[in-house]
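The numbers here are math on the coordinates, done by the rules we state, and not lab data. Given the structure is predicted, the values throughout are model-derived calculations rather than measurements. For neighbour counting, all protein chains shown are included, and Cβ atoms are generated from backbone atoms with ideal geometry for every residue, glycine included.
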Amino acid sequence: MRFGMILGVAVIVTGCTQAPVARPPVVDASWRATEDDRVLSRTDVNSASSRIISGPDRTREQGETNVVVPVEPIARIEPIDQPADAEGMSPAVLSLLEQADQLRTAGDFTGASSRLERAQRIAPDEPEVYFQLAGVRLEQGRFDEAVNIATQAVDLAGSDNAMKRDLYTLVARAREAAGDTAGASQARQMARSFGS
Amino acid sequence: MKSWWRLFLKLTLTLTVAVGLVLVYLNANLTKQFESLSWAVGAKIFARPLELYQGAPFSTEQVRHELDLLNYRVVDQLPEPGQYRVLADALIIGTRGHVFPDGDEPARRVRIAFTDDQVGLIQTDTAESVDLIRLEPVMLAQLSGTYADRELATLDAVPPEFIQLLLAVEDQQFYEHMGLSWTGIARAAWNNLAAGRFAQGGSTLTQQLVKNLYLSRERTLSRKAVEAIYALLLDANFSKDAILEAYINEVFLGQWGNRAIHGFATAAQFYFGQPLGELALEQHALLIGLVKGPSAFNPRRHPERALARRNLVLDLGLAQGLYSQSMADQAKARPLDVPSGPADRIGRFPGYVSLVKRELTQDYSSQQLTQEGLSIYTAMDPQVHRGLIEGRQTMLERLDARGLDPDKEVELGALMVDIPTGEIQAVVASRNDRPGFHRVLDARRQIGSLAKPFVVAAALDMDPRLHAGTLVRDESIAMTDDQGRTWSPRNYDETEEGVVLLERVVAQSINQATVHLALGIGLDGILDRMDRYGIPIGPSRPPASVLGVSEMSPFQVASQYQALFNQGYRTPLKAVRTVIDAEGNTLTRRSFESRRQIPVQVAVMVDHMMRVGAISGTGQAFGRRYDQVLASKTGTTDDGRDAWFVGADGRRMGVTWVGFDDNRSAGLVGALAALPVISDAFAHVGRVNRPSALPDGLHYVWLNPQGQIVGAGCPETAKRPVPVAFDAVPAGQCSPSNSTERGGAWLDRWFGG
């Protein structure tokens with residue numbers, strides 16, 4: 001689809017109260033997210049070392065107006081990057097996980113799933129619950145579901161690297177079982193990146 | 001002479017054979033019908049059971065509300081099943097127990113402590129602590145082709161005192177006669193003679209059962225004869241206990257609208273909201289008294305007559321020596337204690353029940369649903385429903401106060417969803433719960449600004465440099481499409497600011513900036529992604545899709561927002577958890593599944609912007625009123641035809657649509673019209689915070705009010721955290737802020753302190 005556009009002219013907006021304040025670029029209809037301006041050089045007249053910039057992998061593209069990315073970015077707020085205090089699992093969740101484990105060992109996958117889903121309702125952010133559920137799906141031969149659930153759990157695992165490793169290992173096993181060898185080895189690599 | 005004799009013999013023989021054949025036929029027919037009788041039970045639909053465990057986010061008040069819904073009685077001594085006792089900081093509950101699809105929950109007495117509106121320690125009689133208990137679920141409806149509810153009771157579940165009293169009143173010779181009582185017939189015949197017409201039948205229980213099951217209501221002598229034959233056949237074919245059990249489950253005991261109340265167990269729920277086994281003597285007497293005339297002795301319509309009849313029944317039992325004089329006197333002294341409406345909860349949740357039926361019609365025939373005694377366990381949460389109903393009330397009162405078009409009634413559809421599981425907890429399909437058009441499922445309306453978070457999500461996905469503080473141009477813009485039509489969207493309030501922060505495009509729903517963003521990033525890519533995120537774009541791909549010309553139902557809107565609020569993982573919305581058959585076999589189990597629909601980093605960033613919307617944008621009444629972590633998005637379409645509101649806390653989300661069914665202009669604004677429905681629902685169930693770690697690939701940086709990234713050294717009043725997807729160094733300065741907001745306060749608001 002083609003559009004003729006009548007646009008306001010792109011202007012550089014300067015700081016309101018302070019003298020020269022570097023600004024992030026203004027996104028408007030004329031702005032194109034092409035490789036060329038990935039580092040926003042065109043609209044960036046006022047470039048200073050204190051500017052919004054792109055990730056380290058793109059520093060190769062830097063031109064005169066670009067900014068060198070420091071190795072240790074200092075704008076990160078570390079404390080709130082950490083998972084909210086990891087208080088232990090509630091006895092209710094532990095008890096349900098235990099029951100699920102027994103049922104799974106006995107081959108009652110429906111019973112195990114039902115306990116795990118009850119646990120999920122109580123603790124929807126607990127990666128262990130998802131890990132167990134993905135494990136049951138794997139044993140049931142529902143490989144896609146196992147991979148999906150484990151993938152979601154990775155994003156809940158925060159900085160728990162051991163959990164992430166276990167989850168990727170499970171993903172690898174599920175993909176292997178489903179015949180996706182390339183995907184499996186990719187997942188194994190991810191697992192290894194979280195330690196052995 | 002001889003030939004006459006022969007003819008007589010022949011005739012007699014023929015007649016005997018004919019009568020015999022008819023009897024055989026009747027017998028076979030009757031036997032078959034009687035045997036299939038116990039199966040004609042409509043599917044029961046249950047709410048979710050309330051799960052209690054240490055740390056469960058329920059106050060005493062909330063648990064008591066659930067117990068009241070289940071018609072538990074408050075007592076001052078140790079509670080029996082169906083009763084509870086209130087202590088200063090605890091409840092002692094005599095649970096009824098329930099057979100769940102995944103196992104039995106035993107009836108037991110538990111003490112539940114409460115601290116700070118949370119469940120504390122749970123202990124049994126013997127002071128053992130219990131990890132988890134489930135109350136039995138509230139029954140929402142029973143599906144039946146004939147509107148006949150039936151709560152079946154097996155004979156051993158009926159208290160023996162009840163049976164004794166029933167027989168004392170209705171059929172003293174039940175265990176002796178052959179289906180007919182000659183003394184009864186003689187007495188009836190005498191009375192009929194005396195009255196000069198057919199006025200009375202000396203019916204045994206068996207005859208009453210036959211009459212209820214197989215015969216019309218007219219009172220003729222021939223019908224009486226057929227009834228007698230049937231009664232004899234039934235008695236010959238089946239045991240007394242089987243007949244008694246059938247009677248107990250079949251007898252007609254009342255009518256409510258189109259609900260017919262059959263059987264004592266159903267009546268116990270209908271009149272008292274309790275299982276038969278929990279009833280007291282005077283309640284037994286009331287139900288047994290109803291047999292003689294459910295409408296004449298209706299305790300709701302004719303309380304005096306019902307009371308007199310009940311006390312007469314108590315006298316009959318006393319005369320038979322079933323209990324002592326003092327017990328009878330005590331029972332007679334008690335009031336009727338029947339609520340004005342049905343004591344059970346059936347019929348109160350029509351919106352949710354039709355959703356359940358819709359989910360099941362693909363897999364089940366109506367025959368299965370109405371006759372095979374299925375049990376359907378759902379995720380319906382009566383507490384959330386109560387909140388939604390209160391929200392609806394607030395909204396309707398507010399609209400009515402504004403004198404909105406008195407001829408036509410503003411309608412609405414609203415639903416609440418548990419974000420991590422996709423379970424639908426409550427549904428309101430109309431303003432008055434009358435059956436008909438289901439606006440949550442079937443009203444497809446333009447979504448307006450509800451599209452914006454998906455436009456921004458698409459943009460964030462296409463360019464990882466974008467973040468909440470990115471500046472977006474907000475100036476008039478016109479486009480001409482392939483057909484030469486010019487399209488020039490305006491901002492809702494007809495103002496423009498020149499340039500706005502990206503987060504405010506979402507939070508304050510700015511149309512022109514949305515178009516600048518979409519065109520600047522690349523319209524094709526934006527539309528492709530929106531379609532993938534579940535916003536239907538259609539083959540003609542109108543650019544106005546970014547401003548929400550797509551038509552969706554509240555259910556569809558909730559489906560797509562669920563993924564946005566759930567870190568990009570979409571779980572299909574569902575009402576039904578499990579369906580089991582009458583023998584307890586699981587027929588359906590809808591297990592948890594999820595699929596990545598939106599990149600996790602993108603979803604988290606947009607979620608964050610919607611939280612800004614709740615705190616300072618169009619949804620601010622929502623955020624401020626309850627001062628809690630809530631993300632929101634409002635939507636309003638041209639001329640206020642549709643008002644939308646989407647709101648979420650850490651656990652649940654709600655979607656409301658408000659408008660007219662005929663798509664007329666209503667002058668509605670999303671924030672004003674649709675917001676209260678959801679905000680009241682949240683106020684009711686209480687806030688749930690769900691602090692979670694940022695996913696890999698995102699981290700927080702500080703932003704100053706101008707949207708620039710600043711260092712940690714800036715004072716707290718001049719910075720707030722936003723998640724970004726790139727590494728960054730501080731660029732902006734610590735500019736003075738007119739905001740009194742401390743950085744820490746922002747954090748508190750997002751994470752609930």
Sites B:D400 and B:K292 - FRET efficiency at Förster radius 56 Å, r taken between beta-carbons, to 0.05: 0.75
For region B:48-138: rounded, prolate or oblate by the Cα gyration tensor [a/c cutoff 1.5]: rounded
Peptide ranges A:145-158, A:116-129 listed from the most packed, as the mean C-beta count within 10 angstrom indicates: A:145-158, A:116-129
Distant-in-sequence amide H partners of B:F100 (H built 1.01 Å from N, under 5 Å): B:E105
Residues in region B:11-34 that a label on B:N237 would reach, taking backbone N under 20 Å of a point 7 Å out along Cα→Cβ: B:17-34
Contour minus Cα-Cα distance for B:Y25 and B:A225 (0.36 nm per residue): 70.3 nm
Computed log₁₀ I(q)/I(0) - Debye formula, equal Cα scatterers, no solvent, chain B, q 0.07 Å⁻¹: -0.64
Hull-based mean projected area of region B:453-543, where the convex hull spans the alpha carbons, in square nanometres: 5.8
Long-range amide H partners of B:G254 with built H, under 5 Å: B:I261
Contact order normalised by residue count of chain B, Cα under 8 Å, 6+ apart, percent: 11
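Order by neighbour count: B:R532, B:R96, B:R345, fewest other Cβ atoms within 10 Å first, most last. Don't skip to the answer; put the middle values down first.
Values: B:R532 14, B:R96 21, B:R345 18.
Result, fewest neighbours first: B:R532, B:R345, B:R96.
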Trypsin sites (Lys or Arg not before Pro) lying in DSSP loop within region B:259-307, provided at most 13 other Cβ fall within 10 Å: B:K292, B:R301
FRET E, pair B:F8, B:V75, Förster distance 60 Å, beta-carbon r, rounded to 0.05: 0.20
Backbone HN-Hα couplings from phi across region A:131-136 [Karplus 6.51/-1.76/1.60, Hz, Gly and Pro as x]: 4, 5, 5, 4, x, 5
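May I ask which of B:K357/B:K633; B:K32/B:K211; B:K44/B:K574; B:K211/B:K240 have a Cα-Cα span longer than 21 Å here? Each step should come with its number before you reach the end.
Numbers: B:K357/B:K633 30 Å; B:K32/B:K211 17 Å; B:K44/B:K574 18 Å; B:K211/B:K240 17 Å.
Flagged as over cut-off: B:K357/B:K633.
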Region B:470-476 - phi-based ³J(HN,Hα) in whole Hz, Karplus 6.51/-1.76/1.60, Gly and Pro as x: 4, 8, 10, 5, 10, 9, 4
Calculated FRET value between B:A478 and B:S665, using beta carbons and R₀ = 25 Å, to 0.05: 0.50
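Provide the packing ranking of B:644-650, B:127-133, B:655-661, i.e. peptides ordered by the mean count of other C-beta atoms within 10 Å per residue, highest first.
Details: B:644-650: 28.1, B:127-133: 15.3, B:655-661: 26.0.
Result, highest mean Cβ count within 10 Å first: B:644-650, B:655-661, B:127-133.
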Test item: B:461-473 mean partner chain Cβ contacts at 10 Å: 5
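Would you tell me the mean number of C-beta atoms belonging to other protein chains that fall within 10 Å of each C-beta in B:47-59, as a whole number? Let's see the in-between values first.
Working: counts 0, 1, 1, 0, 5, 1, 8, 3, 7, 3, 1, 0, 0.
Partner-chain Cβ atoms within 10 Å, mean over residues of B:47-59: 2.
Residue by residue through B:512-524, how many Cβ atoms from other chains fall within 10 Å of the Cβ on average?
Values: counts 3, 2, 0, 3, 8, 4, 2, 9, 11, 5, 4, 3, 1.
What the average comes to for B:512-524 is 4.
Is it possible to state the helix-based mean residue ellipticity at 222 nm for chain B, with each DSSP H run of 4+ residues giving -39500 (n - 2.57), the sum divided by total residues, to the nearest 500 deg cm²/dmol? What is it?
Numbers: 25 runs with 289 residues, N = 753.
-12000 deg cm²/dmol, from helical runs alone.
Order these peptides, B:631-638, B:250-257, B:262-269, B:356-363, by their mean beta-carbon neighbour count within 10 angstrom, highest first. Intermediate values should be presented prior to the final figure.
Values: B:631-638: 26.1, B:250-257: 17.6, B:262-269: 24.4, B:356-363: 16.1.
Ranking the peptides B:631-638, B:250-257, B:262-269, B:356-363 by packing returns B:631-638, B:262-269, B:250-257, B:356-363.
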